[in-house]
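Inspection log for the structure reproduced underneath, given as structure tokens.
No value in this document is a laboratory result; all are computed from the given coordinates. This is a predicted model, so every value here is computed, not measured. Glycine also receives a Cβ, built like all others from the backbone with ideal geometry; neighbour counts cover every protein chain displayed.
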Protein chains: 6
Amino acid sequence: MKVTVHRKAHFNAAHRLYRKDWSDEKNTVVFGKCNNPNYHGHNYELIVSVTGPIDSETGFVIDMKVLKDLIYEEVEEYLDHKNLNEDVAEFKDLNPTAENIAGVIWNRLRAKIQQHLQLEVTLYETPRNFVTYAGEE
Amino acid sequence: MKVTVHRKAHFNAAHRLYRKDWSDEKNTVVFGKCNNPNYHGHNYELIVSVTGPIDSETGFVIDMKVLKDLIYEEVEEYLDHKNLNEDVAEFKDLNPTAENIAGVIWNRLRAKIQQHLQLEVTLYETPRNFVTYAGEE
Amino acid sequence: MKVTVHRKAHFNAAHRLYRKDWSDEKNTVVFGKCNNPNYHGHNYELIVSVTGPIDSETGFVIDMKVLKDLIYEEVEEYLDHKNLNEDVAEFKDLNPTAENIAGVIWNRLRAKIQQHLQLEVTLYETPRNFVTYAGEE
Amino acid sequence: MKVTVHRKAHFNAAHRLYRKDWSDEKNTVVFGKCNNPNYHGHNYELIVSVTGPIDSETGFVIDMKVLKDLIYEEVEEYLDHKNLNEDVAEFKDLNPTAENIAGVIWNRLRAKIQQHLQLEVTLYETPRNFVTYAGEE
Amino acid sequence: MKVTVHRKAHFNAAHRLYRKDWSDEKNTVVFGKCNNPNYHGHNYELIVSVTGPIDSETGFVIDMKVLKDLIYEEVEEYLDHKNLNEDVAEFKDLNPTAENIAGVIWNRLRAKIQQHLQLEVTLYETPRNFVTYAGEE
Amino acid sequence: MKVTVHRKAHFNAAHRLYRKDWSDEKNTVVFGKCNNPNYHGHNYELIVSVTGPIDSETGFVIDMKVLKDLIYEEVEEYLDHKNLNEDVAEFKDLNPTAENIAGVIWNRLRAKIQQHLQLEVTLYETPRNFVTYAGEE
């Protein structure tokens, strides 16, 4: 009996979409106002979804307190109130689009969740724009 | 690395559920108050989901501004503040149930989105009733 | 000790904004696409707020079951799945703007709620447009 | 043409996480404050998702009124305002975790929904914790 | 320049509506299924609103971190995962209706917030039922 | 008959809480991680509330299209995708706390709304932190 357990979390951050190897003109054409050199920012809402069998002892797929603490350590402490471009190692040479942020979060959590459990992350950049990533198949 | 990008949109419209080839009695038995001949209406909330590889140049699956404009042109301008039965060609002989509206929206968007990208639409008729359609497999 | 008790409810309806005594041109200038002669519609969300002292016997300002049933009878049954312009007596000569619908709902409920209790209604026409009415002071 | 139809419902209930065959100490270590012997409680939000072909006669996968009534009879009347541990047969020897409640709801609905339709349930225990179950494959 | 600062918080709890000095019959007539002797429960959402002048030094009415910690200590730690009737002193002889819970929370916070600031609390018992209390004038 | 009309809008921005005339140490003690020198950011949700009599001609307090356009010009275009500290004149010497941002927005809108109408703004910095400002009485 496979069940998916979902946990919501939250962080807010500044970012800017641009490529260092492109001209200012090209960055503005492609990324528009998301390329403001002084940055803009978002409240990111995150849903972490873990799929696996129910442990017959506890009735849990994964203990929600464990999952909540893991998200806190790997995502919230790492990204909250940060400038993604300036303060976060993974984005030194990676454009912090919602797609790429979701990939970074997925990789950080994947390393800490038991291998028999599947992992998917959904990241809201705004209430109207969001992305989902479940790893390579 | 495949990611799904979601964009929310909104339109409101009047509609009525009924079949021209059925009697009034049968329409009322099957469709109840949704068959009011003077119409009723909804705020439709739409989520358009596009799945594909991340473009390594931009970090995007699809540019959200492009997707937003496409939804505006193909769905919002076409359906907003309309009477679905009277004003929209696709529903002249098709009952505008949430299922069928989702199918019409999916077809209109599918024609304009690159073929290597998968498409799914979720349509909320009310906050408690909604449908999802991802095309024929 | 005065407390306000709030109850949410829901109905959906078709309507059209226009004045019979204006020309089509003037109606279109003032009301834009809200003047579609074939109607459009909304999911209306309603919050009914009742303020008064706590009954020391029950701990209630007003019994929520009583308030819920009253809203059902006076508002939901009366307006749900209706064409406001065509099916509802109060709008035969009154433009069904959100402001006027809130006024009609307030009057219907005011007549059935004890006089020592204050009444306010908030009506969402869309998630982004809403109005509040608390009667004449 | 396969579509998924979703319907939201609501119930609230008390529960306690523990195993009768464990010591108080072990229950507290594993279940923390969820093991309060006097119970705590939640507003459970439920989404029932039914997937199948659109009926060409009606334009429905399943009539929403039928689905709404089925959820009311099998889930809301059965679980609303109940103590899950004390009042609900399925939890006499089953820990009422969100995972297990979702399984119980799925089983109750599965028995009443036509076999050619697929069924999935999503159960929110809080706005931040939720689970999804779609049956054994 | 007076501004109101609002902070949302959350707790979940079991409760039962009844009066010890009433017969079972009367309790059932007045409180219906809310009188289940085995309790039921809710996710309570709380909004705490503090009104006062902006401190010209900090730009704050009240430091949100201070307010967040105060709500945690006085409300969340005190009420979360509790049985309100059995575990909370204020409800030993007070019916834990939403109205009375709001009053108890207001009193606990009022004692810890500077007197020149006004205080209002809004308590959601369910997404559809909520109450507001601002103290005696 | 006085009614309040509310319109929701949205912008996102980067900011940093600090005072130029304070030491780094004092800024960190008072503003904590909100003082990140590289900035962080938010999705700001705004509710603009306008109170006045219903125009008997139109049934409007204020035309929602007019209010929507006014908010777009005075708030969304002015603040969206901006760094509040660096890009917005009003915050050159004013700490961009939620309280102060609400004040700036109120002033900008007040100048463009007819004097017989009352104005209140509610600004969400996060889904859990928000402020309300209605001007000096």
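For the range F:1-133, the percent of C-alpha pairs falling in each 5 Å distance bin, counted from 0 to the bin holding the largest distance, reads 2, 10, 19, 22, 16, 12, 8, 5, 3, 2, 1, 0.
Cβ crowding within 10 Å ranks B:Tyr44, D:Tyr78 as D:Tyr78, B:Tyr44, fewest other Cβ atoms first. For the range D:57-137, the convex hull drawn through the C-alpha positions has a volume of 122 cubic angstrom per residue. Using the Stokes-Einstein relation with a Kirkwood hydrodynamic radius computed over Cα pairs, the translational diffusion coefficient of the range E:84-129 at 10 °C and a viscosity of 1.306 mPa s comes to 134 µm²/s.
In plain terms, the C-alpha convex hull of the protein assembly as shown casts an average shadow of 36.0 nm² when viewed from every direction. Neighbouring Cβ atoms from other chains, within 10 Å of the Cβ of residues in C:107-115, number 0 on average. Summing charges over neighbours of D:Ala102, with a neighbour being any other residue whose Cβ is under 13 Å away from its Cβ, gives -2 when K and R count +1 and D and E count -1. How many angstrom lie between the C-alpha centres of the range F:57-86 and the range E:73-104? So the separation of the two Cα centres works out to 43 Å. The relative contact order of chain C comes to 30 percent, based on Cα pairs under 8 Å that sit 6 or more residues apart. Distances, shortest first, from the label point of C:Pro53 to those at the same position in the other copies read 3.6, 3.6, 6.4, 6.7, 7.4 nm; the point lies 7 Å along Cα to C-beta.
Projecting 7 Å from Cα along the Cα-to-Cβ direction, the label point of B:Lys26 sits 4.7, 5.9, 6.4, 6.4, 8.2 nm from its equivalents in the other copies, listed shortest first. By the Kirkwood approach, averaging reciprocal distances over each pair of separate Cα atoms, the range A:1-43 gets a hydrodynamic radius of 12.8 Å. With coordinates expressed along the principal axes, the C-alpha atoms belonging to the range C:24-63 extend over 59, 17, 9 Å, beginning with the largest. Each stretch of four or more DSSP H residues adds -39500 (n - 2.57); spread over every residue of the protein assembly as shown, this sum gives -6500 deg cm²/dmol at 222 nm. Taken residue by residue and averaged, Cβ atoms of other chains lying within 10 Å of the Cβ of B:99-105 number 4. This ranking places D:Lys68, B:Lys92, C:Lys33 by how few other beta-carbon atoms lie within 10 Å of each, fewest first, which gives B:Lys92, C:Lys33, D:Lys68. With label points defined 7 Å past Cα in the direction of Cβ, position D:Gln114 shows copy-to-copy spacings of 4.0, 4.0, 5.1, 5.7, 6.7 nm, given to one decimal and shortest first.
If you take each beta carbon of peptide D:80-86 and count the beta carbons of other chains within 10 angstrom, what is the mean?
Partner Cβ neighbours, averaged per residue: 5.
Footprinting exposure proxy ranking of C:Thr97, B:Thr132, fewest other C-beta atoms within 10 angstrom first, gives B:Thr132, C:Thr97. Applying both filters, DSSP loop and at most 13 other Cβ atoms within 10 Å, to the GluC sites (Glu not before Pro) of the range E:46-119 gives E:Glu57. Counting only lysines at least 8 places from F:Lys33 when in the same chain, those with an alpha carbon closer than 17 Å to its own are A:Lys82, E:Lys65, E:Lys68, F:Lys20. A convex hull fitted around the alpha carbon atoms of the range C:64-107 yields 73 Å³ per residue.
With kT/(6 pi eta Rh) evaluated at 4 °C and eta = 1.567 mPa s, and Rh the Kirkwood radius from Cα pairs, the range D:31-98 diffuses with a coefficient of 88 µm²/s according to Stokes-Einstein.
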